[in-house]
Amino acid sequence: MSTPHSLHQSVQSVLEHYFATLDGEIPSNLHAIMTQEMERGLLDFVMRRTGHNQSMSARWLGINRNTLNKKLKQYGITPPLLETSSSGEAPHA
């Protein structure tokens, strides 16, 4: 079984890969890019983990629900659509 990586190690690994793909090109706005990508990934993960419950997600993240809603809209993160039958009704459990 492998040793779990810290978040710091995971970020370092992602950055190593990112720089390898630049093929010598000099990056710009790296802080903004990383901040946005980390936030988007975090929001998406937490929303999926809580079953897209915004109140619970906001508590987990330690932010206001209105702030969470604004960020979800900013990143285009939406809950999955419920499957519907051909009649347009939601399936029955």
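For this structure, a couple of remarks:
- The residue pairs whose first member lies in the stretch 42-55 and is touching a residue at least 60 places away in the same chain (Cβ under 8 Å) and aromatic (Phe, Trp, Tyr), whose second member is outside any loop (DSSP other than H, G, I, E, B) and open to solvent by less than 60 Å² (accessible area, probe 1.4 Å), and whose beta carbons are closer than 9 Å, counting only pairs six or more residues apart or on different chains, do not exist in this structure.
- Within this structure, ARG49 passes the test of being open to solvent by 60 Å² or more (accessible area, probe 1.4 Å) and touching a Ser or Thr at 6+ places or on another chain (Cβ under 9 Å).
- Those residues of the stretch 61-72 which are in a helix (DSSP H, G or I) and either open to solvent by 80 Å² or more (accessible area, probe 1.4 Å) or closer than 11 Å to ASP44 by Cβ (or both), in sequence order: ARG65, ASN66, LYS70, LYS71, LEU72
- Looking only at residues of the stretch 14-38 that are in a helix (DSSP H, G or I) and among the acidic types (Asp, Glu), we find that the one that is surrounded by the most Cβ atoms within 10 Å (Cβ to Cβ) is GLU37.
Every residue, every condition in (1) assigned to a loop (DSSP other than H, G, I, E, B); (2) of a type outside the set (Lys, Arg); (3) open to solvent by less than 80 Å² (accessible area, probe 1.4 Å), yes or no:
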| residue | (1), (2), (3) |
| --- | --- |
| HIS5 | yes, yes, no |
| GLN12 | no, yes, no |
| ARG40 | no, no, no |
| GLN74 | no, yes, no |
| ILE77 | yes, yes, yes |
| PRO80 | yes, yes, no |
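Listed here are the residues, each with its yes/no results for (1) over 9 Å from the mean Cα position of the chain (by Cα); (2) small (Gly, Ala, Ser).
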{"position": "VAL14", "(1), (2)": "yes, no"}
{"position": "ALA20", "(1), (2)": "yes, yes"}
{"position": "ASP23", "(1), (2)": "yes, no"}
{"position": "ASN29", "(1), (2)": "yes, no"}
{"position": "MET38", "(1), (2)": "no, no"}
{"position": "ASP44", "(1), (2)": "no, no"}
{"position": "GLN54", "(1), (2)": "yes, no"}
{"position": "SER57", "(1), (2)": "yes, yes"}
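The values are calculated or read from the model by the stated rules, or taken from the named source; none is laboratory data. If you're wondering where the values come from, they're calculated on a predicted model, not measured in any experiment. Counting neighbours? That spans all protein chains shown, and the Cβs are built from the backbone with ideal geometry, glycine included. To get the accessible areas, we keep the full protein, side chains included, count just its heavy atoms, and leave off ligands, DNA and RNA. Shrake-Rupley method; radii C 1.70, N 1.55, O 1.52, S 1.80 Å.
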